Amino acid sequence: MKFKTFYKLFYMHRFKKASAVLKLYLYIVLPIRFLLNTFFFPKKMDLDLLERTSPDLYKKNINFLFEYFNSDKGEFFVDQYVQPIKKNYKKIPAHGYSKFYEKFFCDKKEKQFNILELGSFYGNACASLFFYFKYSQIYSGDIYPDLFRYKSKRINNFFIDNSSEYSIKKNLLNKKVSFDIIIEDGSHFIKDQIISLFLLFKKLNPGGLFITEELDFPDTRKDMNINNEKPTLKNILLSIIEKKEFDSKYISEDDKRYLLENYAFIKIFKGNVNEIAFIKKK
């Protein structure tokens, strides 16, 4: 983890709200806190080595793998969103998406897929997918790629800002690679969810799946939809299911037409707290 990433994750919001005196205090404390945290940063794990020492991981179900690698997609996880020095190892309830992933993934385990996750953070879900799909290439995109704690010849880690159409086009749309599975687990802001789906649906191979996690965040969390804009992505997907018209300033007519002409089905499920959407391409 770079110093700049550490600042943005754990201190930037405090600086924005701080008085002049508190800012001076934070300027002094920040480099000290960063140095102390460096002793607790997770070490990079070589998955190519792990597959040789622990081949049984290839036989495990998706929830076992999510929990083994501490992804919040499973039933339980250790909170990974605190400063490393503050991390404790008590497991807490996670999103509980495993049963839905297993339902859609179980007959595809032996496929040679290209799988993309946006918003990979430490990469714990990517490591899980690495062992679930033993013949697949995993692509990990995040605004903080320096956080990624795994390495393998089957994993490609890169920078992307899924709040920016320019970044999506530069780092994905303009590349030759296409995907069989795209998992969008990025910022969850209303705009970011919408443009990620409608821009990247063209990068899905026929029969591919686009998955949006925490679909309901812009409907239930003020910080994910500050101006209470409508429609949210959930509103849009429900309109498509119900064959109703919709419009959004974040969607071009071409991208809207492409998705409507090429989606096979849309399924929305509720995990332990939040919702997840599976959009399949024809």
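Observations, loosely collected:
- Qualifying position, being in a strand (DSSP E or B), touching a helix residue (DSSP H, G or I) at 6+ places or on another chain (Cβ under 7 Å) and crowded, with 18+ Cβ neighbours inside 10 Å, among 182, 194, 168: 182
- Yes/no for residue 268 being within 30 Å of residue 113 (Cα to Cα) and either free of Cβ contacts under 8 Å to residues at least 60 places away in the same chain or part of a helix (DSSP H, G or I) (or both): yes
- Only one entry in 110, 75, 117, 102 is crowded, with 20+ Cβ neighbours inside 10 Å and of a type in the set (D, E, K, R), namely 117.
- Elements of the type strands (runs of 3 or more DSSP E) sitting completely within region 7-123 and holding at least 3 residues that are closer than 27 Å to residue 189 by Cβ: these cover 76-78, 114-118.
- Residue check, residue 35 modelled with pLDDT of 95 or more and exposed (fewer than 12 other Cβ atoms within 10 Å of the Cβ): yes
- Residue match in region 213-221 (condition: on the phi < 0 side of the Ramachandran plot, assigned to a strand (DSSP E or B) and assigned by TED's automatic domain parsing to the domain that holds residue 98): yes
Conditions (1) part of a loop (DSSP other than H, G, I, E, B); (2) more than 21 Å from residue 191 (Cα to Cα); (3) in contact (Cβ under 8 Å) with a residue 40 or more places away in the chain, marked per residue:
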| residue | (1), (2), (3) |
| --- | --- |
| 235 | no, no, no |
| 243 | yes, yes, no |
| 249 | yes, no, no |
| 260 | no, no, no |
| 278 | no, no, yes |
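- Among the residues of region 109-154, the ones that are on the phi > 0 side of the Ramachandran plot and without any contact (Cβ under 8 Å) to a residue 40 or more places away in the chain come to 1 in all.
- Scope region 267-279; condition surrounded by 16 or more Cβ atoms within 10 Å (Cβ to Cβ) and either closer than 13 Å to residue 206 by Cβ or of a type in the set (A, V, I, L, M) (or both); matching residues: 268, 276, 277, 279
The values are calculated or read from the model by the stated rules, or taken from the named source; none is laboratory data. These numbers were taken from a predicted model, which means no experiment stands behind them. Ideal geometry is used to build each Cβ from the backbone, glycine not excepted, and the neighbour counts take in all protein chains shown.
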